[in-house]
1. Which of (1) under 24 Å from Gln13 (Cα atoms); (2) touching a Phe, Trp or Tyr at 6+ places or on another chain (Cβ under 7 Å); (3) at pLDDT below 95; (4) not hydroxyl-bearing (Ser, Thr, Tyr) is the odd one out, the single condition Gly42 does not satisfy?
2. Where in the chain are the strands (runs of 3 or more DSSP E), entirely inside, with at least 3 residues that are open to solvent by 20 Å² or more (accessible area, probe 1.4 Å) and of a type in the set (Phe, Trp, Tyr)?
3. Quick check on Ser84: is it at positive phi, modelled with pLDDT of 95 or more and among the polar types (S, T, N, Q)?
4. List pairs: first in segment 95-110 and touching a residue at least 40 places away in the same chain (Cβ under 8 Å), second small (Gly, Ala, Ser) and surrounded by 21 or more Cβ atoms within 10 Å (Cβ to Cβ), Cβ under 7 Å, 6+ apart or cross-chain?
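The values are calculated or read from the model by the stated rules, or taken from the named source; none is laboratory data. Everything quoted here is computed from the prediction, not taken from an experiment. Ideal geometry is used to build each Cβ from the backbone, glycine not excepted, and the neighbour counts take in all protein chains shown. Ligands, DNA and RNA are stripped out before the accessible areas are found, and what is left, the full protein with its side chains, is counted by its heavy atoms. Shrake-Rupley method; radii C 1.70, N 1.55, O 1.52, S 1.80 Å.
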Amino acid sequence: QVQLVESGGGLVQAGGSLRLSCATSRSIFSIDDMGWYRQAPGKQRELVAGITSGGTTNYADSVKGRFTISQDIAEKTLYLQMNSLKPEDTAVYYCYVKILGGWYWGQGTQVTVSS
């Protein structure tokens, strides 16, 4: 079992920044990949960014150049730095990890961007 604890969401004005954190109970080296999804009201959950244990990253087109995903191996923590936030970034953000094909999810953290 993998436990994920998220933090860092909140309310911010358009153009502002937030940093999300996701602390894991497992060593990052044991994880295939990890990242962030988000779900806005009435919409499907979508991938925001992912990173493999080797450090390879991928981003949704809508966040490229504004969001940065990173991992602290020693702290077993995943981060999502979000800059130049837009109202359309408003959603519940969920961190995930994939281990041997199994998916594990955080509880979600609300990000609200006001115009």
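1. Of (1) under 24 Å from Gln13 (Cα atoms); (2) touching a Phe, Trp or Tyr at 6+ places or on another chain (Cβ under 7 Å); (3) at pLDDT below 95; (4) not hydroxyl-bearing (Ser, Thr, Tyr), only one is false for Gly42: (2).
2. Numbers: elements: 4-7, 10-13, 18-24, 33-39, 46-52, 57-59, 67-72, 77-82, 91-99, 102-105, 109-114.
Output list reads 102-105.
3. On the way: at positive phi: yes; modelled with pLDDT of 95 or more: yes; among the polar types (S, T, N, Q): yes.
Criteria met by Ser84.
4. Cys95/Gly106; Tyr96/Gly35
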